[in-house]
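Asks: I have a structure here, written as structure tokens, and I will follow up with some questions on it.
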């Protein structure tokens, strides 16, 4: 197990370097890195040149990247578009997005798995067909449309929730945005669970469990579910990174001041350090989530653990 | 110790695209195809792909879901090529005086915030979406399957390098990547968006193609062909490609729908297509601030978008079911 | 009688119409008796057993007629909850492929102990002790150490022993073993079969042994039922059947066994293939393949004629067969 962990950690390094380098290059292509630093006006050329020297921007890109990463690992992510350290911006943005992601994950687990189990056990019945169709519709309607429509209906027309989230983003205001963020993944969790349950339902070990005279409930929960949920759990795990990165649309709709919102601001104001800093952390979250999922996978499936 | 990701790789891998379920859906469901063992009917290697496809076609012809989605797609392609067929008006002719007005005779969908006819703009918006979807899918499928097939077939160093490269692309959230890359583009055409989707989308097809080529390579008849002295090119084109192509087609069809959705999302965020281009994403984005007063300006293009994406996803779904003998 | 199956009919709904898997099977097993059910795949021998256990996949499967009496109770009219209590405790089943029949993510101790926990309400600790005891019973070495292992960590033979242990756990009156040794190496097959036979004697249970292997049958069975296309075509005490088969199908089976004293001669094979269950031929289902078939075989379904007190044959010309 330990050797496996070390190997996986080593594998993460090139991916981390590659992804951050790619973003670094993209951002450099994106535009003038000093543009956002002279306030609202454009910098005059002398100041710009001086700023470039100061930030080492006259050096080759790879050197800039190395310097930047060196700083990142000492906890210095540079200066954000508002003149404050990027880390300060992160400290306010990440808790909000993490809360939003958690709400989304809870929806995926509770609604997605429940629907998946119900439909998987009743494959071909009307419930199954209806839910399957609903998941296709949810997948087909882009998140921003779902978000706008739910905001219009629940927030504006019926007034059940606040249409936009207050700056502190308390948990209860994040329920609707969380559902919107989760929607596509939720439909996917449902389908994945359904397929998995339906496939395993005919498995020999389930028949054995029935032949042992176990009550139906025990057959389903202990034997069928335990096996069927392995791919679902791994999907939900990897989805954490994707949700945090994809929260940008949801956050824009509901005016949530989280990671996506700040990134969007960073891009609008062409502040490279904000963008690269945030994306670097997101990539890290993605990689760590993947690693945890792999370990979890080994815990859930003994065939992997002892192979 | 084998990589525990292996059996579930496709489901997991695409989770990092940030696109959410659509892409994942495609990949995971193709994975069932990939894992499919030989059909037990004992047909010879030359007959296999043909009988698989003709069986599938027989199934599809009787499948109402397939027929309906194919019909929708044909209609879409038709109006994308020739929008004036059903909407003779000019989408750029707008009358601010009628802004946000509801439906009236000759204007069944009403007017948007700029006083443009929503019906005309919705019909004309199909072209951008279909172009992006089709071109991006062709690019992704071509690049991904060629690289994937080569990596899967020859293995070794190239495979290792390319596979790590795909890991890198999967680690970057798609929408974020789009925001960063496309925010500097000033072009008014669909090509930057297409290029971006190809750039970030190919690893998905790469993995599918690589996986199915590796599976196909292990089949006995490929080993037999090799033992009989067939060349690499011949084995790859004649024996492996026909088997590996099915999952790629399924994933690509479903992906086409998600690319259309992605284009709309990017346009909504202001970095995809830009006015005066006409696209559903732009319409929805423009309509969202005044959605309380004129929901019709948002609902019609959103509905068109949803139906289009749904049609492609259901088409891919139906094709997958037809190609997957296990579900028979 | 411990178990009596009378005129059982089972069909499966498929896309191409109903498949008649079992068409009027009748057999009986007494306590302490071993019945071997012999037949090719698709002959309905496993489906009959699944119907007896109450583990048919429904849908697509459905019992369309007949009676299954276990200890004088008709299982088919029993409530599901009552039937469940009989499964595992009154009758148990051993499956062919232990690797897929055991749950891959639970330890063997869990899976064995579950029998006691569910049916007897035994505590977790006691169930574990019982599991170890059972593993000792089926001669798994170092049972106490291996009770926490997972199925894939055992060899094929050991896994099948665990299946047997699971079936024996609650000392049921009847065990149904569905091809219990087919998936095993030849050398291990004999060991597992001997163990099963020995334990059956020890507990004095009834055993239904489903197999297509005539060699296994000769060693352990008391009587035999040969199935073809969902019907019993011949039943007889084992030795009589081997000596003088009363049905051309049985005869064909016996002649297709390679024998040392026939070395050099061409091996006999029954010509043709078993019929599709959606389209069973009219008359005797075996008639297209039967060397003795006459016109009546193509029109009249033969009943199970009584050959002698203990023997039956579903052949219009069983006398000829018995003599020839």
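Quick note: the coordinates plus some simple rules give every number you see, no bench work behind them. Every value quoted in this text rests on a predicted model; they were computed, and no experiment measured them. We place every Cβ from the backbone using ideal geometry, glycine too, and count neighbours over all the protein chains shown.
Asks: How high is the FRET efficiency between residue A:233 and residue C:122 when r is their beta carbon distance and R₀ equals 41 Å, given to the nearest 0.05?
Replies: Efficiency computed from Cβ-Cβ geometry: 0.85.
Asks: Using a Debye calculation, one point per C-alpha and no hydration shell, please list log10 I(q)/I(0) for chain C at q = 0.10, 0.13, 0.14, 0.16 Å⁻¹ in order.
Replies: For chain C at q = 0.10, 0.13, 0.14, 0.16 Å⁻¹, log10 I(q)/I(0) is -0.61, -0.99, -1.12, -1.38.
Asks: A follow-up question, please. So if each residue of separation counts as 0.36 nm, and I subtract the Cα-Cα distance between residue A:61 and residue A:74, what length gain in nm does that give?
Replies: 2.7 nm
Asks: May I ask for the angle, rounded to the nearest 10°, between helix A:259-268 and the longest principal axis of chain A, with both axes built from Cα atoms and the value confined to 0 to 90°?
Replies: Helix A:259-268 sits roughly 40 degrees off the main axis of chain A.
Asks: Relative contact order for chain C: what is it in percent, counting Cα pairs under 8 Å that are at least 6 residues apart?
Replies: The normalised contact order for chain C reaches 21 percent.
Asks: What distance in nm separates the two pseudo spin-label positions at residue A:102 and residue B:226, each 7 Å out from Cα along the beta-carbon direction?
Replies: The two pseudo-label positions are separated by 5.2 nm.
Asks: If each residue's Cβ is checked for other Cβ atoms within 10 Å, how do A:188, B:268 rank with the fewest at the top?
Replies: Listed from fewest to most nearby Cβ atoms, that is B:268, A:188.
Asks: Using a 10 Å cut-off on Cβ to Cβ distances, tally the other chain neighbours for every residue of A:211-221 and report the average as a whole number.
Replies: Across A:211-221, the average partner-chain Cβ count within 10 Å equals 6.
Asks: Let me ask you something else. With N residues in the stretch C:88-232, what two-decimal value do you get for its Cα radius of gyration over 2.2 N^0.38 Å?
Replies: Dividing the Cα Rg of the stretch C:88-232 by 2.2 N^0.38 Å gives 1.04.
Asks: Now, a different point. Averaged over its residues, how many other protein chain Cβ atoms are within 10 Å of peptide B:232-241's Cβ atoms?
Replies: Partner-chain Cβ atoms within 10 Å, mean over residues of B:232-241: 0.
Asks: What ranking, highest mean first, results for peptides B:160-166, A:233-239 when packing means the other Cβ atoms within 10 Å averaged over each residue?
Replies: Final packing ranking: A:233-239, B:160-166.
Asks: Label-point separation (nm) for residue C:190 and residue B:189, each offset 7 Å from Cα along Cα-to-Cβ?
Replies: Between residue C:190 and residue B:189, the label points sit 8.0 nm apart.
Asks: I've got another one for you. For the stretch A:176-215, which semi-axes, largest first and in whole Å, follow from the square roots of 5 times the eigenvalues of its Cα gyration tensor?
Replies: Ellipsoid semi-axes (Å, largest first): 33, 11, 4.
Asks: If you fit an axis through the alpha-carbon atoms of helix A:2-30 and take the longest principal axis of the Cα set of chain A, what angle between them do you get, 0 to 90°, nearest 10?
Replies: 50 degrees
Asks: Oh, and also: Under 37 °C and 0.692 mPa s, how fast does the stretch B:64-327 diffuse according to Stokes-Einstein, given a Kirkwood radius computed over C-alpha pairs? Answer in µm²/s, whole number.
Replies: 162 µm²/s
Asks: Quick one: which of C:274-285, A:8-19 comes out on top by average Cβ neighbours within 10 Å, and what's the full order, highest first?
Replies: Descending mean neighbour count gives C:274-285, A:8-19.
Asks: Another question about this same structure. Please give the per residue volume of the convex hull enclosing the alpha carbon atoms of the stretch B:174-328, rounded to a whole number of Å³.
Replies: Spelled out: Cα convex hull of the stretch B:174-328, divided by residues, is 136 Å³.
Asks: Would you tell me the mean number of C-beta atoms belonging to other protein chains that fall within 10 Å of each C-beta in C:7-14, as a whole number?
Replies: 0
Asks: I'd like the distance separating the alpha-carbon centroids of the stretch A:54-122 and the stretch C:235-313, in whole Å.
Replies: Cα centres, the stretch A:54-122 to the stretch C:235-313: 74 Å.
Asks: Tell me, rounded to the nearest percent, the portion of alpha carbon pairs in the protein assembly as shown spaced more than 40 Å apart.
Replies: Percent of Cα pairs beyond 40 Å in the protein assembly as shown: 52.
Asks: Taking only the Cα atoms of the stretch B:111-234, how large is their convex hull per residue, in Å³?
Replies: Here the figure is 146 Å³ per residue.
Asks: Taking just the C-alpha trace of the stretch A:86-300, give me its Rg and Dmax in Å.
Replies: Every Cα atom of the stretch A:86-300 included, Rg and Dmax give 19.6, 67 Å.
Asks: Another question about this same structure. Using label points projected 7 Å from each Cα along Cα→Cβ, tell me how many nm separate residue C:67 and residue A:255, to one decimal.
Replies: A separation of 7.9 nm, rounded to one decimal place.
Asks: Normalise the Debye intensity by I(0) for the stretch C:177-267, one equal point scatterer per Cα, no solvent, then take log10 at q = 0.22 Å⁻¹ and round to two decimals.
Replies: Calculated log10 I(q)/I(0) at the listed q: -1.23.
Asks: Only Cα pairs under 8 Å and at least 6 apart count here; give the relative contact order of chain A as a rounded whole percent.
Replies: 27 percent
Asks: Using all Cα-Cα distances in the stretch B:53-188, what percent lands in each 5 angstrom bin from 0 up to the longest?
Replies: 2, 8, 9, 11, 12, 14, 13, 11, 8, 5, 3, 2, 1, 0
Asks: Considering the Cα trace of the stretch C:234-324, what is its radius of gyration and what is Dmax, both in angstroms?
Replies: In Å, with Rg to one decimal and Dmax whole: 13.9, 40.
Asks: Let me ask something else. Bin width 5 Å, alpha-carbon pairs only: give the P(r) of the stretch A:83-165 as whole percents, running from 0 to the bin holding the largest distance.
Replies: Histogramming the stretch A:83-165 at 5 Å steps yields 3, 11, 12, 16, 19, 15, 11, 7, 3, 2, 1, 0 percent.
Asks: Another question, then. Round to the nearest 10 and give me the degree value, 0 to 90, for the angle of helix C:186-203's Cα axis relative to the longest principal axis of chain C.
Replies: Tilt of helix C:186-203: around 80 degrees.
Asks: Over the stretch B:64-327, what is the relative contact order in whole percent, taking alpha-carbon pairs under 8 Å and six or more residues apart?
Replies: 26 percent
Asks: Provide C:238, A:232 in ascending order of the number of other Cβ atoms located within 10 Å of each residue's Cβ, fewest first.
Replies: Ordered from fewest to most neighbouring Cβ atoms within 10 Å, C:238, A:232 come out as C:238, A:232.
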